[in-house]
Every structure is written in C-alpha cells, then in structure tokens.
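What follows is one structure encoded as structure tokens, with my remarks underneath.
The values are calculated or read from the model by the stated rules, or taken from the named source; none is laboratory data. Everything quoted here is computed from the prediction, not taken from an experiment. Cβ placement follows ideal geometry from the backbone for every residue including glycine, while neighbour counts extend to all protein chains displayed.
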C-alpha cells in the first residue's frame with residue numbers, strides 16, 4: 001500500500017521537480033551539462049507525444065466499439081460503422097509500405113489515395129464547419145450587441161465605429177471616425193489587452209509555482 | 001564551464017519574489033493564521049446552479065476542455081491543470097446530484113489517462129465510484145473540424161442542460177458554444193488565451209475572464225494550501241503595478257529603467 005501511494009502520489013511530484021528545476025536553472029546559468037539535459041528532455045517530449053497519438057487512436061476505436069455495444073438505438077450503427085471504416089482506411093493507406101515514398105522515407109501519407117481520403121472527407125467537412133462559424137458569430141453578435149446597459153452600449157458603439165472606420169462612405173462624411181477607431185484599437189484595446197495578458201501570465205506562473213512546491217495535486221491521484 | 005547569466009537578474013529577482021510569497025502564505029496556512037479575504041469568482045457559483053438545472057431538465061452536463069485543449073507539454077500546462085480542477089469539481093457535483101456527465105475529450109492522447117483519473121477521483125470523492133461510465137468519455141481525434149461536429153451531435157442526441165467549456169480553447173470552437181445556447185443549455189466557460197476570450201463573452205451565460213479560470217482551479221479545490229497561493233498572485237499584481245508606474249516615472253526622469261532592468 002505504501003509503495004502504491006508513493007508511485008501514485010509522490011513519484012509524479014518528485015519527477016516534476018527533478019525535471020523542472022534544472023530547466024529553470026538553465027535560464028540563469030550557462031552550463032553544458034544543463035544544456036544537454038534540456039535538449040535530451042526536449043527529444044523525449046517528442047517521443048512521448050508521438051506514442052500518445054497512437055494511444056489516442058486505440059482509445060478512439062475502443063470508444064467506437066463500446067458505443068456500438070452499449071447503444072440501444074440501433075439506428076446509429078451505420079454512422080458508427082462508417083466512422084470506423086473511414087478511420088481504418090486512412091490508417092491502412094497512411095501506414096502502408098505499398099504506398100511508401102522511399103526517397104523521403106515516408107509511408108503512404110503522400111500517396112494520392114491518402115490525399116483523396118483526407119481532402120474528400122476531412123477537408124470538405126472542415127471548410128463547411130469553418131463557414132458555419134461565421135454564421136453563428138453573426139447570430140451571437142445580434143444577440144449580444146444591444147443597448148442593454150452602459151457596458152454593452154460602449155461595446156456596441158466601439159464595435160460599430162471600429163468596423164465602419166474603413167468604409168469609404170463613412171470616411172467621407174464622418175472623417176472623425178478614422179482617428180477615433182484607431183484610438184479605440186491603439187489605446188483602449190491595447191491597454192486592456194496588456195493588463196489581461198500580465199494577469200494571465202501571473203495565473204499560469206502561480207500554477208507552476210504550486211507544482212514545483214509539490215502543492216498542486218489536481219493531476220495526482222489522491223484517493224488511492 | 002559554468003557561467004551566470006547576469007542580464008536576466010530582474011527575472012531571477014522576480015522568481016525569488018514569486019516563490020517567496022507562495023512559500024510565506026503556505027507557512028501561514030500551516031500555522032493556522034488568518035488569510036486575507038478573497039472575492040468569489042461569479043462563474044464558480046453558476047456551476048452548481050447549472051448542474052441543478054440539468055438535473056431538473058433531465059439532461060446531462062457536458063464538459064469540454066477544447067478540441068486541442070489539454071496540452072501537457074507547453075506553456076499552456078497551467079491552463080490544463082486549472083481546467084482539470086474545475087472538471088473535478090463539476091464531476092463531484094454531478095455525481096452528488098446524480099446528473100449524468102459527458103466528457104468531450106481533447107485530441108491530446110497523452111492527457112486522456114489523466115483526464116479519466118480526474119473524473120474517477122471526482123466520483124470517488126462524491127462517494128459514488130460506480131456511477132462512472134467510461135462510455136461517457138467521447139474522443140474525436142485530431143483538430144476542431146472533427147471535434148465540433150462530434151460535440152454538436154452529442155448535444156442533439158443526448159440533450160444538454162449545462163455546457164462547461166474551459167481550457168486552452170481556440171476561436172474555431174465557437175459553433176459548439178452557440179449550439180449549446182441554441183439547445184437551451186446554461187453555458188459556462190473561459191480561457192486564459194486572450195485571442196479566444198471574445199467567443200466566451202459572446203456565447204456564455206457566465207464566463208471566467210482571463211486568469212479567473214486559473215484562480216478558479218485553486219478556489220474550487222477547497223484546499224487551503226491552494227487558495228492561499230491566490231493571495232500571492234494578488235501581491236504580484238501590486239508589485240507589477242508599482243514596477244509599471246515606477247518604471248514610467250524613472251524613464252520620464254531620464255533614468256534608463258528599461259536597460260537597468262535588463263529588458
């Protein structure tokens with residue numbers, strides 16, 4: 001039990017400290033050993049990340065399989081089967097040595113079959129959804145930009161002035177709009193942006209501090 | 001050959017102040033001394049309200065960290081940790097009230113075991129470990145174009161009472177926030193990513209503005225050690241304002257504060 005608790009609770013925190021403190025020190029001290037340590041850890045990050053992608057794929061298929069088994073609504077089966085079919089097809093073509101380009105040492109991901117699968121399904125759907133985003137932005141803007149209170153009114157007026165400042169007809173009849181729009185962007189927006197950014201950086205640094213001091217236990221199992 | 005980088009002295013001093021203040025307040029908690037009052041983040045109160053509403057409507061709670069919202073190998077890792085703390089709190093509440101919770105997993109495969117662990121912990125803490133359903137964790141693969149339609153479909157198919165969308169979110173995920181709104185859900189969310197903050201302002205009923213999400217992670221943990229650290233952050237903000245004003249005054253007086261500070 002004690003060893004289990006050590007592995008699940010204390011070891012992750014020790015690993016974080018062992019990894020993070022030398023990296024932090026690397027910023028203030030120039031040393032070959034520290035530099036090598038930093039480079040090696042950077043490579044490991046890539047390896048772990050690549051393996052994790054693979055695990056994600058297994059998790060996806062596992063999830064689809066469980067959804068097939070558990071779902072009482074059998075009308076959903078064709079959709080799930082189609083998802084699995086497309087996923088496996090992409091995987092088989094992309095990983096296939098039959099389509100490999102040996103000059104660049106790449107498997108089938110450059111092959112026209114793979115590109116067709118990718119563009120035909122993923123690319124088309126991606127563009128459609130991207131277009132949908134703008135329609136939704138319009139509907140949300142209509143709901144949000146109204147004279148409801150002082151803040152909402154300022155937001156509405158700022159937005160209108162900033163948008164219309166580039167329109168030639170407004171520039172012609174309301175020449176004050178251009179400098180006012182620029183002022184909103186350069187002074188109002190930039191001031192708020194910098195303040196928000198500093199606070200966000202502090203928040204992020206605080207989480208880092210808590211982790212290095214071993215107090216941040218959100219991602220560590222505590223009820224083993 | 002070991003050499004000290006003197007040009008970063010200001011950064012070094014800043015790190016010492018940071019660790020010093022956090023350590024000071026941790027010690028204060030250990031000695032049971034009183035901490036300054038902290039304001040409540042409005043969006044955190046709305047989570048319980050949302051879970052209750054989902055229960056009344058008989059619809060599930062949906063939680064998402066974003067399509068690529070759980071980086072654990074970049075400067076956004078702080079956001080991931082904070083969002084996981086909010087996730088644990090939401091899971092605990094859902095388990096307590098008996099509301100079904102559906103988790104929409106981000107593309108980062110390496111974060112999935114951690115997310116699953118946090119959800120399991122939430123159910124265990126609520127005393128209902130058997131209520132955890134692995135089938136309620138949906139994975140959509142890489143990029144938003146796969147994620148958003150998946151979440152959208154889930155809203156339509158299962159219904160949505162509360163949608164929590166907090167993490168390293170990108171603007172491209174706006175349709176799912178609006179979709180939750182169209183499906184009559186309470187929408188709560190936020191991100192410390194400034195460029196994506198506006199989508200939450202447009203579509204959320206309650207939002208974590210900027211670093212509020214990072215503070216909420218600690219505030220919701222009900223752990224005194226974590227909440228004490230928020231006090232340190234407030235002190236850093238005062239120091240930052242002093243440095244900004246002091247630096248401006250010195251620059252106006254002709255003293256080169258910028259180069260002295262190694263900036």
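Does residue B:169 count as more than 8 Å from every other protein chain (Cβ to nearest Cβ) and over 30 Å from residue B:34 (Cα atoms)? Against the criterion (more than 8 Å from every other protein chain (Cβ to nearest Cβ) and over 30 Å from residue B:34 (Cα atoms)), residue B:169 qualifies. When residue A:173 is tested against (1) more than 29 Å from residue B:176 (Cβ to Cβ); (2) surrounded by 11 or more Cβ atoms within 10 Å (Cβ to Cβ), just one condition goes unmet, and that condition is (2). Within segment B:172-190, the set of residues being in contact (Cβ under 8 Å) with a residue 60 or more places away in the chain, within 12 Å of chain A (Cβ to nearest Cβ) and within 18 Å of residue A:144 (Cβ to Cβ) comprises B:173, B:176, B:180, B:190.
Which condition from (1) modelled with pLDDT of 75 or more; (2) within 13 Å of another protein chain (Cβ to nearest Cβ); (3) surrounded by 10 or more Cβ atoms within 10 Å (Cβ to Cβ) is the one that residue A:47 breaks? For residue A:47, the exception is condition (3).
May I ask you to list the residues in segment B:218-242 that are farther than 18 Å from residue B:35 by Cα and in contact with a helix residue (DSSP H, G or I) (Cβ under 9 Å, 6 or more places away or on another chain)? Answer for segment B:218-242, where residues must be farther than 18 Å from residue B:35 by Cα and in contact with a helix residue (DSSP H, G or I) (Cβ under 9 Å, 6 or more places away or on another chain): B:239, B:240.
None of A:101, A:73 is at pLDDT below 75, exposed (fewer than 14 other Cβ atoms within 10 Å of the Cβ), over 24 Å from residue B:112 (Cβ atoms) and within 13 Å of chain B (Cβ to nearest Cβ) except A:73. Only residues that are in contact with a strand residue (DSSP E or B) (Cβ under 7 Å, 6 or more places away or on another chain), touching a residue at least 40 places away in the same chain (Cβ under 8 Å) and assigned to a helix (DSSP H, G or I) were counted across segment B:194-247, and they come to 3. Inclusion of residue B:203 among residues that are within 11 Å of chain A (Cβ to nearest Cβ), more than 30 Å from residue B:31 (Cβ to Cβ) and touching a helix residue (DSSP H, G or I) at 6+ places or on another chain (Cβ under 8 Å) is warranted. Residue A:138 fulfils the conditions (1) surrounded by 14 or more Cβ atoms within 10 Å (Cβ to Cβ); (2) at pLDDT 85 or above; (3) over 29 Å from residue B:19 (Cβ atoms) except for a single criterion, (1).
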